[in-house]
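What follows is a single structure, written as structure tokens, with notes after it.
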Amino acid sequence: MPEIALLQDAVDIVRPLLGQGKVANYIPALAEVNPNKLAIAVTSIDGTTIGAGDYLEPFSIQSISKVFSLTMALNLYQEDEIWSRVGKEPSGHSFNSLVQVELERGKPRNPFINAGALVIADLLQARLSAPKHRMLDKVREISGNSSLCYDKVVAHSEYQASARNAAIAYLMKSFGNFNGDVNTVLKSYFHYCSMRMNCADLSRSMFYLANRGKTLAGKQLITPVQTRQLNALLATSGLYDGAGEFAYRVGMPGKSGVGGGIIAVIPGDMSICVWSPELDNNGNSLAGTAMLEHVCQQLGRSIF
Ligand code: DON
């Protein structure tokens, strides 16, 4: 189990990296975030959470929400209903690329690139009467924080700048792999992405990935086998076309978001969340990755 001093070291060691990445600016509301934030929180398998830096400050979780969406879909659908529409392979393209969707006839490579997450959002929309409410309730429940909220300004800002995601959804619709109304599903998807959580909330909510599918409150959210499968997908696709570099440097299943957050898991041991808004060329937090690298090296831990 890590000590607070180790987490504080991780924050201090990466501070010189500030200024080397770029805050996401294609979502106008995200461009205004203070780029100098650094945060880390760890929830150990005994349920205790510790943190350092700005770990109690909420940020936009963005693509980290794709873990929650897939988890909800696993609760609502048979496996083949999901995997007939979305693949399980790394994409090797940027997270919002259209090229592969065209070449592979509307079936996204995995559930974490935008195309895949939009198909999952389409699945949720089809089976839930109020998907935005259900998602919020679910994340409040598994994080143990009942005051979590969507950031309507960020969701609206992304809807105003949605040309690329709309193009991806319409392209999939043209191949018969998107059933709902594109604008309605986009609005739900942008809300999921806009959720504001801090590193402590996120490390606590991802505890089930470290704990064979059981949440902090002891609820079996998904089965142990599904948890292993979800972690496998996170290890191969959670960091997009930076997944290989992340596996090499950090060696844990993980999921990043363009808000600068990354969650990572050592199954059976701990769930971690880091946050620093500046991103590398693959859209993953630059200093966040370095904090995770420091912690896993110091602990001598990796899944490999
Ligand atoms: O759809 C988008 O582009 C954003 N709402 C989420 C993208 C994202 O977080 C990619 N992660 N690194």
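Quick notes
- Length-normalised contact order for region 64-195 - Cα pairs under 8 Å, 6+ apart - percent: 31 percent
- From helices alone, the chain scores -13500 deg cm²/dmol at 222 nm; the rule is -39500 (n - 2.57) for each run of n ≥ 4 DSSP H residues, then divide by the residue total.
- Expressed as a fraction of 2.2 N^0.38 Å, the value expected for a compact globular protein of N residues, the C-alpha radius of gyration of region 64-195 is 1.00.
- The chain - percent relative contact order, Cα under 8 Å, separation 6 or more: 28 percent
- In nm, spacing of pseudo-spin labels at residue 137 and residue 301 (7 Å Cα→C-beta vector): 3.3 nm
- In this simple spin-label model, placing a label point 7 Å from the Cα along the Cα-to-Cβ direction at both residue 15 and residue 156 gives a separation of 3.8 nm.
- Between helix 286-299 and the chain there is an angle of about 50 degrees, using the helix long axis and the longest principal axis of the Cα atoms.
- Value of D in µm² per second that Stokes-Einstein yields for the chain, Kirkwood Rh from Cα pairs, at 10 °C (1.306 mPa s): 85 µm²/s
- Gap separating the Cα centres of region 132-147 and region 253-304, nearest whole Å: 23 Å
- Think of it this way: in the chain, 149, 193, 296 stand alone, with no other Cys Cβ under 4.7 Å.
- Within the chain, longest stretch free of exposed trypsin sites (Lys or Arg not before Pro) [DSSP loop, at most 12 other beta carbons within 10 Å]: 106-218
- If only the Cβ of Lys and Arg carry +1 and only the Cβ of Asp and Glu carry -1, the dipole of region 94-190 around its Cα centre is close to 120 debye.
- The C-alpha atoms of the chain define a longest principal axis, and helix 4-14 lies at about 70 degrees to it.
- Once exposed loop GluC sites (Glu not before Pro) are cut out (DSSP; at most 15 other Cβ, 10 Å), longest piece of the chain: 105-304
- Theoretical FRET efficiency, 1/(1+(r/R0)^6), r = Cβ-Cβ of residue 25 and residue 128, R0 25 Å, to 0.05: 0.20
- Working from label points 7 Å from Cα in the Cα-to-Cβ sense, the residue 173 to residue 94 distance is 2.4 nm.
- Annotation: amide H of residue 109 within the under-5 Å range of 87, sequence separation 5 or more or interchain, hydrogens built in the peptide plane.
Only the coordinates and a few stated rules stand behind these numbers; no lab work does. What you see is a predicted model, and the numbers here were worked out from it, not measured in a lab. Glycine also receives a Cβ, built like all others from the backbone with ideal geometry; neighbour counts cover every protein chain displayed.
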